[in-house]
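Quick one: structure below, then a few questions.
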Amino acid sequence: MVSSLLFIAENSFFEVERNHDEWHLTERTFDWKFMSIAADPFVKGRLYAGTFDNGLFISEDGGVSWNEAGEGIAESRVMSVAVSSVEKQNGYGVVWAGTEPSKLYRSEDGGATWEERSSFLKLPSEDTWYFPPRPHTHHVHSIQPDIFDENHIFIGIELGGVLKSTDKGHTWEDRKENSQFDCHALTMNSFAKGRIYEAAGGGYAESVDQGVHWQTYNDGLGPYTYLVDVAVDRANPDIIIASGATGPRAAYNADTAETFVFRKENNQPWEIVRSGLPDHSGSTVFALSSNESEPNTFFAVNNRGIYRSTDKGESWKYLNVEWKERYKKMRVRTLLTI
């Protein structure tokens, strides 16, 4: 059973602890802007956080305190971080960090030292990559270490596409036809070996053969093909939820937000989920998560609060925690379930 939720917004780190059926929210603020967080599945309480302009930080106490990671990451903007669930070195899960400008780093000693794995910058498509708000650059927005094969890793460039390595990041394959190039999120499911799920600025795409071939599935999304996050039922790899809007302005800015949660089952079209969720107007895009310990269950958080579904994403209930007025303006990034 999920015991706590972790998420980030601006310079705040949030922990929601569970005590039976009650939930308690704690906010901790720091002197940097959070961009990404990840937990080590092998070491309780060990977290990694990427920041905008302040590098990478490590916590050994579940986010109460943080220390700078070891040297080796040349860029200060760490946009993504992930920990392998199948590769363990020196007592830690192998850590991956992605930056702006786009580079990728690997650590085998819990973040004490880092090795760059950025040969993907030599791929043919690289000269087309760009991030619209800062078109002179681009970044590694998402990282998905393969949960079945420690040699495989997938990264999503914003805006550049999904890239794949089969040798722990030494060499890379370029983006594939029918994948989405404005990649925002990647995930996998333990009941579907070789299946990769992608939420992107052009909609939803997936591969069922370890990224060799891809297919986009946008039926039912209508104009809301700007997807930001995706999660999969831990008991059924064919039940998928995604959060999205018509574009960035409608996704992230609370004053202009108009976002939805979508649900897809098997080969059916996407459907908008409304039951138990806040009105879509003024609702920023949700960060989503599921967890192996709670099948048929999803969690979602945005500026309106925290929500939980126990019926495979069909209906939702608000978690009764203290939700301050200023939270209604925030953009939430990365939801972890521990």
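The values are calculated or read from the model by the stated rules, or taken from the named source; none is laboratory data. All values derive from a computational prediction rather than experimental measurement. Quick reminder, even Gly has a Cβ in these numbers, built from the backbone with ideal geometry, and neighbours come from all protein chains shown.
Would you check if residue 223 is surrounded by fewer than 16 Cβ atoms within 10 Å (Cβ to Cβ), outside any strand (DSSP E or B) and touching a Leu at 6+ places or on another chain (Cβ under 9 Å)?
No.
Follow-up question, since we're still on this one. Collect the residues in region 94-119 that are among the hydroxyl-bearing types (Ser, Thr, Tyr) and buried (at least 19 other Cβ atoms within 10 Å of the Cβ), keeping them in residue-number order.
99, 102, 105, 107
For region 269-291, does any single residue satisfy the condition of being closer than 26 Å to residue 81 by Cβ, part of a strand (DSSP E or B) and among the acidic types (Asp, Glu)?
no
I would also like to ask the following. What tally of residues in region 292-338 results from selecting those that are within 28 Å of residue 42 (Cβ to Cβ), in a strand (DSSP E or B) and either hydroxyl-bearing (Ser, Thr, Tyr) or touching a residue at least 24 places away in the same chain (Cβ under 8 Å) (or both)?
14
Here's something else I'd like to know. State all residues of region 65-83 that are surrounded by fewer than 24 Cβ atoms within 10 Å (Cβ to Cβ), under 21 Å from the mean Cα position of the chain (by Cα) and of a type in the set (S, T, N, Q); if no residue qualifies, say none.
76
Within region 255-264, can one find any residue that is touching a residue at least 12 places away in the same chain (Cβ under 8 Å), at positive phi and not basic (Lys, Arg)?
no
Just to check your reading of the model, which residue among 184, 213 is under 23 Å from residue 241 (Cα atoms) and either among the β-branched types (Val, Ile, Thr) or in a strand (DSSP E or B) (or both)?
Going through 184, 213 in turn, the sole match is 184.
Cβ-Cβ under 6 Å, sequence separation 6+ or interchain: first residue in region 167-182 and on the phi < 0 side of the Ramachandran plot, partner β-branched (Val, Ile, Thr). Which pairs?
Going by the 6 Å Cβ cut-off, the qualifying pairs are 175/162; 179/162.
Kindly list the number of the only condition in (1) exposed (fewer than 15 other Cβ atoms within 10 Å of the Cβ); (2) on the phi < 0 side of the Ramachandran plot; (3) of a type in the set (Gly, Ala, Ser); (4) at pLDDT 95 or above that fails for residue 91.
For residue 91, the failing item is (2).
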